[in-house]
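Peer 1: Quick one: structure below, then a few questions.
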Amino acid sequence: MFLPKNSQRQLEVRTLVTEEKLTPQTVELTGRVLMDANAGGRVQPTQAGRVEAGPRGLPQLGQAVRKGETLAVVRSSASAIERANQQAQTAELRSQLDQARRRAARLAQLEGTVPQKEIEAAQADVQSLQQRAAAVGGSLVAVERLTAPVDGVIAATNVVAGQVVDAREVLFEIVDPNRLIVEALAFDVGLLSNIGTASATPTPGVSVPLRFMGAGRTQREGAIPLQFRTSGSQSVPLAVNQPVKVLVQTKTMVKGVPVPAAAVVKSPSNQDMVWVHTAAEHFAPRPVRATAVDGSTVSVVNGLKPGERVVTQGAALINQVR
């Protein structure tokens, strides 16, 4: 293909002289982003009721929260039958409490003529009935404060002010964007002892370094689950439940020519190929066989010689020229 210099400048074509190197053999796995159980949590009420805003109002998506902070308040809402039963029980306890107080007062006046243990028993009955009446009466207007279980940011919110919710319903999800888990499925058990480094690729050209945590010993859908943790203290461009491509670099080394992933394009027959700068203003397509090294680099193991100049930027645009 003949491409004048002016056209190359317009397409922002950049080239690179290739060099043969030893690169780790890479395995591509399908993964999914999960919440770290030690750095994330869910907020659920233990009773049904109506939701009210907390001191700072209901939290919004992306809002930072601290552990123990009140996010919302759930005010218990009982049915008419339950409320009537509680009111009837409260009235009965109050009647029993009045009788116990009168009996304790009469025995106190007869102190010295009746055993002391009867006076103490009557006083104990009064205290017991007071506590029972207070407990039943408080259940009519019980209030539950929903607090954040961990430090993090609000990842999901499923509630508005005044909404009636059931017990165990998930109202908020909190995650730490610096600590996420990526779970991948491996069909080769031998890979477990051959893992070097790994990275996640949520979108082409974006690579997130991962650190291997461990593997399960129970197959799931015929595969072994592998878990990786995002490394570093900075927030990563990942979201919970997001599907990602996990590139696992094994300890086995292979000889190849590393080039940027953007240099490999598809031919009309859907084969991998690169564009080689053969001479001034001349480019030639070269079918290759490449394996991924990480999210931004591939290693060409066949079809490319060291020392050749390969198009690393603008290859997709050159591939569209007819």
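The values are calculated or read from the model by the stated rules, or taken from the named source; none is laboratory data. What you see is a predicted model, and the numbers here were worked out from it, not measured in a lab. Reconstructed Cβ throughout: ideal geometry from the backbone, glycine too, with neighbour counts over all protein chains shown. Areas reflect the complete protein model, heavy atoms only, side chains present, ligands, DNA and RNA absent. Shrake-Rupley method; radii C 1.70, N 1.55, O 1.52, S 1.80 Å.
Peer 1: When you go through (1) open to solvent by less than 40 Å² (accessible area, probe 1.4 Å); (2) among the aliphatic types (A, V, I, L, M); (3) in contact with a Lys or Arg (Cβ under 8 Å, 6 or more places away or on another chain); (4) modelled with pLDDT of 90 or more one by one for residue 159, which number turns out not to apply?
Peer 2: Only one criterion in (1) open to solvent by less than 40 Å² (accessible area, probe 1.4 Å); (2) among the aliphatic types (A, V, I, L, M); (3) in contact with a Lys or Arg (Cβ under 8 Å, 6 or more places away or on another chain); (4) modelled with pLDDT of 90 or more is unmet by residue 159, namely (3).
Peer 1: Another one. In contact (Cβ under 8 Å) with a residue 60 or more places away in the chain, within 17 Å of the chain's Cα centre (by Cα) and within 21 Å of residue 143 (Cβ to Cβ): is that true of residue 65 in this structure?
Peer 2: Judged against the criteria, residue 65 is a match.
Peer 1: Now, a different point. What is the number of the single condition among (1) within 26 Å of the chain's Cα centre (by Cα); (2) within 30 Å of residue 318 (Cα to Cα) that residue 273 does not meet?
Peer 2: (1)
Peer 1: Could I ask something else about it? For residue 148, are the conditions met, namely being small (Gly, Ala, Ser), modelled with pLDDT of 80 or more and within 44 Å of the chain's Cα centre (by Cα)?
Peer 2: Criteria met by residue 148.
Peer 1: So, one more: I'd like the residue in segment 1-51 that is basic (Lys, Arg) and either modelled with pLDDT under 85 or in a strand (DSSP E or B) (or both) and, out of all such residues, is farthest from residue 263 (Cα to Cα).
Peer 2: 50
Peer 1: May I pose another question? Can you name the residue in segment 258-275 that is assigned to a strand (DSSP E or B) and either open to solvent by 20 Å² or more (accessible area, probe 1.4 Å) or in contact with a His (Cβ under 6 Å, 6 or more places away or on another chain) (or both) and, of all such residues, is nearest to residue 306 (Cα to Cα)?
Peer 2: 258
Peer 1: Scan the strands (runs of 3 or more DSSP E) fully inside segment 129-231 and keep the ones with 2 or more residues being closer than 30 Å to residue 262 by Cβ and touching a Gly at 6+ places or on another chain (Cβ under 6 Å).
Peer 2: Of the strands (runs of 3 or more DSSP E) lying wholly inside segment 129-231, those with at least 2 residues that are closer than 30 Å to residue 262 by Cβ and touching a Gly at 6+ places or on another chain (Cβ under 6 Å) span 180-186, 195-201.
Peer 1: Please go through (1) modelled with pLDDT of 85 or more; (2) open to solvent by 70 Å² or more (accessible area, probe 1.4 Å); (3) at positive phi for residue 120 and return the number of the only condition it doesn't satisfy.
Peer 2: All conditions pass for residue 120, except number (3).
Peer 1: Every residue in segment 35-53 that is open to solvent by 80 Å² or more (accessible area, probe 1.4 Å) and β-branched (Val, Ile, Thr), please.
Peer 2: 46
Peer 1: Scan 32, 56 and give me the residue that is among the basic types (Lys, Arg) and either out of contact with any strand residue (DSSP E or B) (no Cβ under 7 Å at 6 or more places or on another chain) or open to solvent by less than 50 Å² (accessible area, probe 1.4 Å) (or both).
Peer 2: Every option except 56 fails the conditions.
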